[in-house]
Amino acid sequence: MTTTQQAPFVPTPRAEGPLLEVRDLHVEFHTRDGVIRAVNGVNYSVSAGETLAVLGESGSGKSVTAQAIMGILDMPPAKIPQGEILFQGQDMLKMSAEERRGLRGAKIAMIFQDALSSLNPVLTVGYQLGEMFRVHQGLGKKEAKAKAIELMDRVKIPAAAARVNDFPHQFSGGMRQRIMIAMALALEPDLIIADEPTTALDVTVQAQVMDLLAELQREYNMGLILITHDLGVVADVADKIAVMYAGRIVEQAPVHELYKRPAHPYTRGLLDSIPRLDQKGQELFAIQGLPPNLLKVPTGCAFNPRCPMAQDICRTDLPALVEVSEQDGGVLPGRRSACHFWKETIHG
Ligand SMILES: Nc1ncnc2c1ncn2[C@@H]1O[C@H](COP(=O)(O)OP(=O)(O)O)[C@@H](O)[C@H]1O
Ligand code: SF4
Ligand SMILES: [Mg+2]
């Protein structure tokens with residue numbers, strides 16, 4: 001973090017090019033037991049109006065990457081030894097704390113899994129929504145309240161005007177998550193990062209909240225990073241997917257391509273774990289074993305102890321994230337895999 005004189009953030013206007021670009025990002029935690037490499041050379045990008053889903057089991061580094069983007073990692077224990085996080089072309093890692101604070105909420109907003117712990121239990125939702133406008137836009141109490149009601153309407157909370165003075169616990173889980181979405185939308189940010197936004201909800205409510213998020217994202221033409229461990233929830237809303245395992249991206253693809261033909265055995269395992277309506281009653285295939293302890297990541301491919309396709313080379317050589325092509329050599333745009341046997345996986 002620089003301590004030089006702070007200039008206000010002036011976004012570089014760019015008609016093309018991604019809104020956000022994460023380049024070779026590394027995040028470490030220095031703990032008493034050793035160094036945990038939670039994010040290990042991650043690259044991804046998202047453009048205006050685009051949804052990137054970041055997928056992976058718990059502990060794969062999805063949230064830590066998001067927290068690095070938001071600038072909300074506690075440093076220490078976290079450290080960012082390497083990488084760039086470009087927002088509208090400017091590296092946020094080189095900005096002052098004040099410049100970054102100016103971006104949070106106004107340009108980049110985040111939605112967390114647990115609305116109940118993100119909202120203040122002793123303040124009405126109207127007050128908390130209105131606060132966004134009072135603090136950031138200097139609106140008076142009355143105007144801020146009107147804006148809060150408008151936002152509650154936008155996220156389809158029934159009888160918004162009547163409920164604006166209710167407290168968080170008076171809403172259902174799904175409605176609370178809508179309030180979180182409203183908070184994130186308040187200042188019309190360019191980018192929203194939603195970290196497991198529906199994980200705590202019932203399946204039917206999950207779908208409604210996800211649809212709402214997708215609808216608003218299109219309407220506002222925002223970039224959306226949707227973090228989830230559940231491949232089932234992203235199929236209809238994401239444009240592209242990055243699959244993470246043990247702090248690295250192991251596969252990247254446009255969403256429909258990934259579903260049709262996974263190029264990594266881990267992705268295939270995740271796909272096989274999704275409950276399917278046509279296979280009712282059948283036992284779900286689940287990937288055997290657990291993700292590694294990040295203090296003891298297996299050598300070679302980190303997935304090798306769990307991989308049904310593992311060979312000797314997998315236990316010694318780390319596979320690079322390489323472009324994936326057709327059998328005739330034609331490139332598949334946007335597709336990458338970090339597997340020594342991606343050809344066998346995708347064409348097999
Ligand atoms: N505050 C912390 N201190 C030490 N290690 C951490 C901390 N936060 C996260 N980690 C490590 O980073 C890993 C990735 O975490 P996270 O990004 O939250 O995973 P997820 O993919 O489930 O979101 C965790 O498994 C843990 O080892
Ligand atoms: S590199 Fe080897 S262990 Fe890793 S996913 Fe590919 S086949 Fe499996
Ligand atoms: Mg997480």
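The values are calculated or read from the model by the stated rules, or taken from the named source; none is laboratory data. For clarity, every value in this text was computed on a predicted model and none was experimentally measured. Cβ sites come from the backbone with ideal geometry, for glycine too, and all protein chains shown count toward neighbours.
Criterion applied to 259, 266 was being of a type outside the set (A, V, I, L, M), assigned to a helix (DSSP H, G or I) and in contact with a Cys (Cβ under 9 Å, 6 or more places away or on another chain), and the one residue passing it is 266.
Table: residues versus (1) away from ligand 3 (no atom under 16 Å from the Cβ); (2) buried (at least 20 other Cβ atoms within 10 Å of the Cβ); (3) more than 28 Å from residue 188 (Cα to Cα).
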| site | (1), (2), (3) |
| --- | --- |
| 45 | yes, no, no |
| 62 | no, yes, no |
| 81 | yes, no, yes |
| 85 | yes, yes, no |
| 90 | yes, no, no |
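Each residue in the range 319-348 was checked for being on the phi > 0 side of the Ramachandran plot and either outside any loop (DSSP other than H, G, I, E, B) or surrounded by 21 or more Cβ atoms within 10 Å (Cβ to Cβ) (or both), and 1 of them qualify. One residue is enough: does the range 267-288 have a residue meeting the conditions surrounded by 15 or more Cβ atoms within 10 Å (Cβ to Cβ) and on the phi > 0 side of the Ramachandran plot? Checked against the condition, which is being surrounded by 15 or more Cβ atoms within 10 Å (Cβ to Cβ) and on the phi > 0 side of the Ramachandran plot, the range 267-288 yields no hits at all. Scanning the range 74-89 for residues that are modelled with pLDDT of 95 or more and out of contact with any Lys or Arg (no Cβ under 8 Å at 6 or more places or on another chain) returns 78, 79, 80, 81, 82.
Kindly provide the set of residues from the range 199-212 that are in contact (Cβ under 8 Å) with a residue 60 or more places away in the chain and touching a Ser or Thr at 6+ places or on another chain (Cβ under 9 Å), ordered by number. Matches in the range 199-212: 199 only.
Please determine whether any residue of the range 145-156 is assigned by TED's automatic domain parsing to the domain that holds residue 122, on the phi > 0 side of the Ramachandran plot and either surrounded by fewer than 22 Cβ atoms within 10 Å (Cβ to Cβ) or not in a helix (DSSP H, G or I) (or both). Please lay out each step first, then the result.
Our first condition is that a residue be assigned by TED's automatic domain parsing to the domain that holds residue 122; within the range 145-156, this holds for 145-156.
Checking the rest, the ones that are also on the phi > 0 side of the Ramachandran plot come to 156.
Still in the running and either surrounded by fewer than 22 Cβ atoms within 10 Å (Cβ to Cβ) or not in a helix (DSSP H, G or I) (or both): 156.
Yes, that holds for at least one residue.
Can you confirm whether residue 292 is surrounded by 13 or more Cβ atoms within 10 Å (Cβ to Cβ), assigned to a loop (DSSP other than H, G, I, E, B) and of a type outside the set (Gly, Ala, Ser)? Yes; evaluated as a whole, the condition is true for this residue. Only residues that are assigned to a loop (DSSP other than H, G, I, E, B) and exposed (fewer than 15 other Cβ atoms within 10 Å of the Cβ) were counted in the range 299-317, giving 5. Under the condition of being assigned to a helix (DSSP H, G or I) and either in contact with a strand residue (DSSP E or B) (Cβ under 9 Å, 6 or more places away or on another chain) or surrounded by fewer than 16 Cβ atoms within 10 Å (Cβ to Cβ) (or both), the residues counted in the range 176-206 number 8. Taken across the range 66-75, residues that are assigned to a strand (DSSP E or B), more than 16 Å from ligand 3 (Cβ to nearest atom) and buried (at least 19 other Cβ atoms within 10 Å of the Cβ) do not occur at all.
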